[in-house]
Structures are given as C-alpha cells and as structure tokens.
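**Student:** Below you'll find the structure I mean.
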Amino acid sequence: DAGVIQSPRHEVTEMGQEVTLRCKPISGHNSLFWYRQTMMRGLELLIYFNNNVPIDDSGMPEDRFSAKMPNASFSTLKIQPSEPRDSAVYFCASSLRGANTGELFFGEGSRLTVL
Amino acid sequence: KQEVTQIPAALSVPEGENLVLNCSFTDSAIYNLQWFRQDPGKGLTSLLLIQSSQREQTSGRLNASLDKSSGRSTLYIAASQPGDSATYLCAQTHSGTSYGKLTFGQGTILTVHP
C-alpha cells in the first residue's frame, strides 16, 4: 500500500486566499484524522471522521476552517480566508479501527505558509 | 485538561549508548499510549503502542514501558545508532472518547553522533 497520501506537500499563499489540502487514506481504513503541527503548539487534532462522518470537530479553530470526506478514499481540509497564523504543517492520518485499538498512520504532511 | 510532557526536549549522545526518553501524562483515564518517530520534513511513524492493561512493549532495540499509577512512560533505545536521530513523540489516548483522541507531547529531539 502507498500509505496515506497528502497534497500539496508545500503551499505558499497570500493572506485572504482559499487553501485546500487533500488526503487519501489507506485503503480499508475507516478512521481519518486531520492534525496541525506548529512549533508553539505541537500537534493538535482538528477533526476526526469515522466511516466518512465527522465525529469530533472540536479542534477546528474557527469557521474559516472546514473539512469534508465525500467518500472513503478522499478528504479535504479547506481554509477560507487564510491568515498568516494558519501557517503550519497539516497532517492527515488514518486508522483501521480508530486510535483506540489500531495504529495511526500519518501522511507526510502539507506545509502551508500564508504571507 | 489532559497534558503530556516529554523530557528532555533534546538529547545528544554518541553512537552505541543506551538511552531513555521520558513521557509523563496527567490523565489517569488512559486507554493506550503510543510512541512515534518523526524525521525532518516527514510525517509520524508509529513505533510502539502500549494498551492500558500492558506494562511494556518491545520492538527490536526499542522498549517502551507504561506506569499508569505514576503517569509515566519511558522509551528505551539500546545501542543507539546515527539512524536513530529523529524527534520522538509520545501520545496518550483518552478512554473518555469512543475513538481514542490522542494528546501529543512536544517531543524529544534525539541526535546520535558517530
């Protein structure tokens, strides 16, 4: 298996622009997580999907952030409008049964820079 | 608020040394604890997962222990090699959620020099 695939790997944009990050989880995994990593705050869970349904979005910073999972093999994280403080590495991770019992597999991340 | 703390923040050792990385957590309702490795510019790779009913897990030169009563976990790396250089993160899974929400520590940056 190719693992969790994220795109783009790097994104540089200007404040106010819309940003869309994409994730393809490992085939057969029913749990998908979006994390954000910064030097100041470390890794933070943004949202968790189970069987394509958002279960916990309490970590989503504000209304500018939205996430969708239209099918089992694709998810997007959208920021509109983007702000400099959104600059971070965004990770997608998937698991077979949720992190309770299964390992979490991470993608290589999307590094976002908002100027 | 659940918190996970890792000590030391950075560690530099010569090749061949045995070393211990520490992780402490405040939430006693732990479901499991995972140790991850992160290489620069890369995602996280799961190393070891210890369920709350277990005391330790081993994989090759790595051994992770869990002591729920003291709120501590340690990752022991035997005979360290330059290829072990990376950031090591521990993450606690809380039993209060149906899926196991992870809280990560800030990580220990390990450098093993030849």
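FYI, it's all coordinate maths here, none of it is from the lab. The shown structure was predicted, so the numbers you read here are calculated from the model rather than taken from an experiment. Neighbour counts run over all protein chains shown; Cβ positions are idealised from the backbone, glycine included.
**Student:** For every other residue with a beta carbon closer than 13 angstrom to the beta carbon of B:Arg61, add +1 if it is Lys or Arg and -1 if Asp or Glu, then tell me the sum.
**Tutor:** Taking every other residue near B:Arg61 into account, the sum is -2.
**Student:** Working only with C-alpha atoms, what are the Rg and Dmax values of segment B:1-65, expressed in angstrom?
**Tutor:** Cα radius of gyration and Dmax of segment B:1-65 are 13.2, 39 Å respectively.
**Student:** To one decimal place, what orientation-averaged projected area in nm² is obtained for the convex hull of the Cα set of chain B?
**Tutor:** Averaging across all directions leaves 6.8 nm² for the Cα convex hull.
**Student:** Near A:Pro61, within a Cβ-to-Cβ distance under 13 Å, what is the net charge of the other residues, with Lys and Arg +1 and Asp and Glu -1?
**Tutor:** Neighbour charge sum, excluding A:Pro61 itself: -1.
**Student:** Tell me the net charge near A:Pro81. Cut-off is 15 Å between Cβ atoms, A:Pro81 excluded, with +1 for each Lys or Arg and -1 for each Asp or Glu.
**Tutor:** -4
**Student:** Can you compute the charge dipole magnitude of segment A:27-115 about its Cα centre, using +1 on each Lys and Arg Cβ and -1 on each Asp and Glu Cβ, nothing else charged? Give it in debye, rounded to the nearest 20.
**Tutor:** 120 debye
**Student:** With only Lys, Arg, Asp and Glu charged, each at its Cβ (+1 for the first two, -1 for the last two), find how big the charge dipole of chain B is about the Cα centre; round to the nearest 20 debye.
**Tutor:** Dipole size: approximately 280 debye.
**Student:** Using a Cα-Cα cut-off of under 30 Å, which lysines could be cross-linked to A:Lys24, ignoring same-chain neighbours fewer than 8 residues away?
**Tutor:** Qualifying lysines at Cα under 30 Å: A:Lys68, A:Lys78, B:Lys42, B:Lys101.
**Student:** Let me ask something else about it. Considering only C-alpha atoms, what is the centroid distance from segment B:32-93 to segment A:7-22, in Å?
**Tutor:** 32 Å
**Student:** Can you list, bin by bin at 5 Å, the percent of alpha carbon pairs in segment A:1-93, starting at 0?
**Tutor:** Answer for segment A:1-93: a P(r) of 3, 14, 26, 26, 19, 9, 3, 0 percent.
**Student:** Something else about it: At 4 °C and a viscosity of 1.567 mPa s, what translational diffusion coefficient does Stokes-Einstein give for the protein assembly as shown, taking Rh as the Kirkwood radius over Cα pairs? Give it in µm²/s as a whole number.
**Tutor:** My calculation gives 72 µm²/s for D.
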